[in-house]
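Contents: one structure, followed by commentary.
The values are calculated or read from the model by the stated rules, or taken from the named source; none is laboratory data. If you're wondering where the values come from, they're calculated on a predicted model, not measured in any experiment. Every residue, glycine as well, gets a Cβ built from its backbone with ideal geometry; the counts of neighbours run over all protein chains shown.
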Amino acid sequence: KNALANELRSPIICVLGHVDTGKTKILDHIRKSNVQTGEAGGITQQIGATFVPIQTVKDRTECLNQKGKLELNVPGLLIIDTPGHESFSNLRSRGSSLCDLSILVIDLMHGLEPQTIESIKLLKKGKTPFVVALNKIDRLYGWVAHDNLNFTATMKKQTENVKIEFKDRCNQILGQLAEQGLNACLYHENKDIRKTVSVVPTSAHTGEGIPDLMMLVVQLTQRMMAERLAFVDILQCTVLEVKVLLGLGTTIDVILSQGKLREGDQIVVSGLDGPITSQLQHDPTYAVILAFDVKVDKDAQDMCKEMGVTLFTADIIYHLFDNFTAHLAAIKAKKKEENAHLAWF
Ligand code: GTP
Ligand code: MG
Ligand code: NA
């Protein structure tokens, strides 16, 4: 209803790349968590969302933004991790299709790999802007770590041999990107962010270059997509995944990218045996997870039947982020996917 002037929503950032390039580790570093070591075989098998509040971005980019030149206007970053294993191309495609901007992670020591190329194709197809994180710089022979320092500063402190090896590997990868039809260069040398892909060298182990990566992502989203990020009070959300959680039953992870949710708002989801309605018990605050009781009501049932939407029986978990969250008047079944588990609102 009331479009709020100058209010921006959080950009949705999707992390893509070949298996084991360090996607989850980079996120672990940003949110100070340790998800990666808990994964079976260290392999991500699902798509997951993390909200990074703007204060975290401010804290982590302090070494770059001392003069306060860049105003940070977004409430935070909503980052989606995807698996790099070849068998999860459906999840990569899903993540890249709903994001505003992507971080493509490439292992500096390996260069482009099959799922890197697959990811590039997805990004091109969806016309999704992206940056490259050239990860694992700490693995260069002789690298001296300076934890959490920005890239140019830590690079200055390295020996001549390290600088040469970095340059060689980096140039080789820029060449491989060119073979994929991409103009790319180191981010601080990029003169045209609309035509050239920015490359940020990082280490998820030492945190070097992570400030640069966070700053770049905020800059790009604010500069290139202010209009797209303008907050409007129209609900827009996407089901990420349906899964069974112990103690909660079947749950649905939903990304709410536009609109607001308030206490008392009614939510309607279609179920196999009919529609499921639920009311928000609280005004959502950021990054809370709410579970809803399941109830089926007649009106909603009729509405879903009319729309012919796929039906789920489920408890619902909503990941609610900040003022992202909204007011669901009706289900809009925009798209029926082949995979019934992944319905669109
Ligand atoms: P999938 O989700 O399975 O595709 O992998 P991923 O891209 O999320 O990579 P993950 O975070 O699981 O990291 C893979 C391995 O690389 C782990 O053993 C990490 O500890 C290691 N690793 C990640 N980032 C770095 C880095 O910057 N430096 C070094 N030395 N190792 C790293
Ligand atoms: Mg992972
Ligand atoms: Na991994």
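Is there a residue in segment 6-20 that is surrounded by fewer than 17 Cβ atoms within 10 Å (Cβ to Cβ), at pLDDT below 85 and assigned to a loop (DSSP other than H, G, I, E, B)? Yes, there is a match, as at least one residue in segment 6-20 is surrounded by fewer than 17 Cβ atoms within 10 Å (Cβ to Cβ), at pLDDT below 85 and assigned to a loop (DSSP other than H, G, I, E, B). Checking every residue in segment 33-40 against the condition of being of a type in the set (A, V, I, L, M, F, W, C) and buried (at least 18 other Cβ atoms within 10 Å of the Cβ) gives zero matches.
For segment 119-133, a residue qualifies if it is assigned to a helix (DSSP H, G or I) and more than 16 Å from ligand 3 (Cβ to nearest atom), and the qualifying residues are I120, K121, L122, L123, K124, K125.
To keep it simple, each residue is scored yes or no on (1) within 10 Å of ligand 1 (Cβ to nearest atom); (2) over 21 Å from R31 (Cα atoms).
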residue: T82; (1), (2): yes, no
residue: L98; (1), (2): no, yes
residue: L112; (1), (2): no, yes
residue: Q115; (1), (2): yes, yes
residue: E118; (1), (2): no, yes
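Table: residues versus (1) in a loop (DSSP other than H, G, I, E, B); (2) more than 16 Å from ligand 1 (Cβ to nearest atom); (3) in contact (Cβ under 8 Å) with a residue 24 or more places away in the chain.
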position	(1), (2), (3)
I26	no, no, yes
A49	no, no, yes
Q55	no, yes, no
K58	no, yes, no
C63	yes, yes, yes
S89	no, no, yes
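Taking helices (runs of 4 or more DSSP H) as the structural unit, those lying wholly within segment 134-243 and holding at least 2 residues that are within 25 Å of R9 (Cα to Cα) correspond to 210-224, 226-229.
In segment 81-107, of all residues being away from ligand 3 (no atom under 16 Å from the Cβ) and not polar (S, T, N, Q), the one that is farthest from the chain's Cα centre (by Cα) corresponds to R94.
When segment 165-204 is filtered for residues that are surrounded by fewer than 16 Cβ atoms within 10 Å (Cβ to Cβ) and touching a His at 6+ places or on another chain (Cβ under 9 Å), nothing remains.
Of the residues in segment 142-154, none is within 16 Å of ligand 3 (Cβ to nearest atom), crowded, with 21+ Cβ neighbours inside 10 Å and over 23 Å from R228 (Cα atoms).
Scanning segment 30-65 for residues that are over 15 Å from the mean Cα position of the chain (by Cα) and closer than 18 Å to L16 by Cβ yields a total of 6. Here is the figure for segment 35-66: residues that are within 13 Å of ligand 3 (Cβ to nearest atom) and either under 14 Å from N148 (Cβ atoms) or among the polar types (S, T, N, Q) (or both) total 5.
Look through segment 28-47, keep the residues that are farther than 26 Å from L72 by Cα and assigned to a helix (DSSP H, G or I), and return whichever of them is nearest to ligand 2 (Cβ to nearest atom). The extreme case among them is Q36. Can you list residue pairs whose Cβ atoms sit under 7 Å apart, with the first residue in segment 113-130 being farther than 16 Å from N90 by Cα and in contact (Cβ under 8 Å) with a residue 24 or more places away in the chain and the second being surrounded by 22 or more Cβ atoms within 10 Å (Cβ to Cβ) and of a type in the set (V, I, T)? Count only pairs 6 or more apart in sequence or on different chains. Cβ pairs passing all conditions: F130/I103.
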